[in-house]
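The values are calculated or read from the model by the stated rules, or taken from the named source; none is laboratory data. Keep in mind the model is a prediction, meaning the values are calculated, not measured. Cβ sites come from the backbone with ideal geometry, for glycine too, and all protein chains shown count toward neighbours. Note: areas computed on protein heavy atoms with side chains; ligands, DNA, RNA excluded. Shrake-Rupley method; radii C 1.70, N 1.55, O 1.52, S 1.80 Å.
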There are 2 protein chains.
Amino acid sequence: MKAFLPLLLVSVLLPLMPPVMAEEAASKLTPSTVIEQSTASDWRQPEQANLMYLEIGEQRIVFELSATFAPNHVQNLKTLVGQSYFDGLAVIRSQDNYVAQWGDPAEDEATLRSLGDAKERIPHEFYRAKKGLNINTINSRDAYADEVGFVEGFAVGSDKDSKHARAWLTHCYGALGVGRGMELDSGNSSSLYMVTGHAPRHLDRNVTLIGRVIEGAEALSSLPRGTGPLGFYESADELTKIDRVRMGDTVPEAEQLHIEIMRTDTETFQNYVTARTHRLDDWFADPTGKIEVCNVGVPSRPVTQIPASE
Amino acid sequence: MKAFLPLLLVSVLLPLMPPVMAEEAASKLTPSTVIEQSTASDWRQPEQANLMYLEIGEQRIVFELSATFAPNHVQNLKTLVGQSYFDGLAVIRSQDNYVAQWGDPAEDEATLRSLGDAKERIPHEFYRAKKGLNINTINSRDAYADEVGFVEGFAVGSDKDSKHARAWLTHCYGALGVGRGMELDSGNSSSLYMVTGHAPRHLDRNVTLIGRVIEGAEALSSLPRGTGPLGFYESADELTKIDRVRMGDTVPEAEQLHIEIMRTDTETFQNYVTARTHRLDDWFADPTGKIEVCNVGVPSRPVTQIPASE
């Protein structure tokens, strides 16, 4: 008898049935059946120009960036990547149950790599106006935000509607953030971190988030932890070298990640959230009936056939 | 300029000031100052008989067990440990952003290690009666539980007060759980897991939790992820061997972990939660004012002088 726990991420299945269903029916679905019953239009392929490929030895981590929430930090990051700024730099920090961070390991100003055409300071993008966003709100009692939901695949917190209501990317596992110093405009995308533990949501609206991981998180989350304060590595030989960082539109097609991510502005995604809320798989003694935004998980699946038109 | 993020765990500081403070004053404290102002009576040393030492190569992970929530599973675990059941078994699973699990890697019944005097089946201990517990409830809007708080250092969820109100250990990072099959009584402490990612709170009340990590989590959380379904390792040479598991009262004193954990039934701990809620450190642009139970973190610190009476 091998004891087990249920699947975290659903398996990848082809669409078999139409997605027409009442809410009542939806509540009887499992995450797997929602995916089975999805149609092609429930999925999107992220634009390669918005994907950042981080290469560490044999491993590759791919992030999707959000210009909707952090246009200026994303632009600066693209400028840095275009200059091969990160190539040869390093993962400088791994703090257990918190973040892995990478950038320039140089200890003093004199030996820091030049930012070239990128800006050194950018006004923070900790949040943006809620107005103008199509937020797919979910039914969740959130500890930190008035409301939570999804925008273009990203988990989002927001204020209740008001003239100055804000919305922001949340620090769920795999969120990609911009390290900063004490000053609010001191982040510039040259030092980045990924959340590798329980969502540190108290950082929401205190740091600019610019994206989230869509492949290869384990390459960062399973790194040895740094033994210095804040999980910084204490000696040069502990650093993990960054071999290369590229934007997807400069990666040869055969090397690109071809992936479909479930659209979050669809009825199918609403059904998926419902199925993750009411855990009807046989294993569950208590099907919960509750959900937290960082536990939803937006489904993705490999694209097995690349459309000829791409 | 090295970009940084704030400390997750506060540094260890000696008591300097008395803990007398009004709530108003408390709200102006940082986590560090609460610890500075604590007194000896705000801390406890866990009983060695309730500590489980898991040895993997050069690394050691220490868990505190909770007989308050899972008396029968804890008793069975102690029986197994007393028989050296785990020595030579293995970590069989590491699923990213979820759990690491260990136990008997044998694939078929015939070669499974005998449980000896331990029971093969135990009625589940997914929750217990809330009555009789002294829960230090915290002010948090929880996605999964009516109320959340702490009991004896453990994060706890509970129903609102009623005749049949329940309380349960929550699946925060570092929680120690008992793997089970489809049947509710099929867990017996011979296969254990530790949460290594964002709290999978939908497992609350579906699995018996028996403790939490108090030292060395990174030895499990930074293991390479398994590539099989559910993060199981696919070949024998990927397994991480468990060298030895002991209960603390059989560990020579010089090798024991001597640690103090902040008591959670104290005004000082309430102040600590308040300080973690209102982030007044200069770095914070937005001091949050909110907290989630898995983001509190119960402070601990090494005992530098072992009392002669121990």
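Here are some notes:
- For region B:208-283 versus region A:152-195, the inter-centroid distance based on Cα atoms is 28 Å.
- Using only side-chain charges placed at the Cβ, +1 for Lys and Arg and -1 for Asp and Glu, the dipole size of the protein assembly as shown relative to its Cα centre rounds to 1300 debye.
- Occluded residues from region A:78-96, i.e. those whose accessible area drops by 40 Å² or more once the chain is not alone (1.4 Å probe): A:Asp96
- The A-B contact accounts for approximately 6300 Å² of buried accessible area, totalled over both chains at a 1.4 Å probe radius.
- Estimated Rh, region B:133-258: Kirkwood, alpha-carbon pairs, angstrom: 16.9
- Cα-Cα over 31 Å, subset of B:Lys78/B:Lys241; B:Lys160/B:Lys290; A:Lys78/A:Lys241; A:Lys290/B:Lys241: A:Lys290/B:Lys241
- Farthest positive-ward along region A:206-259 dipole, Cα basis, beta-carbon charges - from A:Ala254, A:Gly226, A:Ala236: A:Gly226
- Translational diffusion of region B:204-310 was estimated from the Stokes-Einstein equation, with Rh taken as the Kirkwood radius over Cα pairs; at 37 °C and 0.692 mPa s the coefficient is 179 µm²/s.
- Set of region A:102-126 residues, backbone N closer than 14 Å to the point 7 Å along the Cα-Cβ line of A:Glu183: A:119-124
- Sites B:Thr227 and A:Asp159 - FRET efficiency at Förster radius 35 Å, r taken between beta-carbons, to 0.05: 0.25
- Our helix-only sum for chain A, with -39,500 (n - 2.57) per DSSP H run of n ≥ 4 divided by its residues, gives a mean residue ellipticity at 222 nm of -3000 deg cm²/dmol.
- Rg/Rh for region A:115-195, where both radii come from Cα atoms and Rh is the Kirkwood radius: 1.02
- Of all accessible heavy-atom area on chain B, the percent that carbon and sulfur account for (1.4 Å): 50
- Per-residue mean of C-beta atoms belonging to partner chains within 10 Å, peptide B:171-179: 2
- Delta accessible area of at least 50 Å² on complex formation, residues of region B:185-203, 1.4 Å probe, chain isolated as reference: B:His198, B:His202
- Remark: region A:136-146, residue by residue, has Karplus-estimated 3J(HN,Hα) of 8, 5, 10, 8, 8, 8, 9, 5, 10, 10, 4 Hz, where x stands for each Gly or Pro and the curve is 6.51 cos²θ - 1.76 cosθ + 1.60 at θ = phi - 60°.
- Taking amide H as placed 1.01 Å from N in the peptide plane, the amide H of B:Trp43 sits under 5 Å from that of B:Arg263, each at least 5 places away or on another chain.
- Taking N as its residue count, the alpha carbon Rg of chain B over 2.2 N^0.38 Å: 1.03
- Computed over chain A, relative contact order equals 27 percent, with contacts defined as Cα pairs under 8 Å that lie 6+ residues apart.
- Taking amide H as placed 1.01 Å from N in the peptide plane, the amide H of B:Ile122 sits under 5 Å from that of B:Gly187, each at least 5 places away or on another chain.
- Peptide A:284-295 is shielded by partner chain Cβ atoms: per residue, an average of 6 of them sit within 10 Å of its Cβ.
- Cα→Cβ-extended label distance, 7 Å offset, between A:Glu58 and B:Asp117, nm: 4.7
- Each Cα pair under 8 Å and six or more residues apart adds its sequence gap; the mean of these over the residue count of region A:152-295 is a relative contact order of 19 percent.
- Surface accessible to a 1.4 Å probe, per residue, for the residues of chain A, Å²: 42
- Given +1 at the Cβ of Lys and Arg, -1 at the Cβ of Asp and Glu and no other charges, the dipole of region A:223-310 around its Cα centre is 160 debye to the nearest 20.
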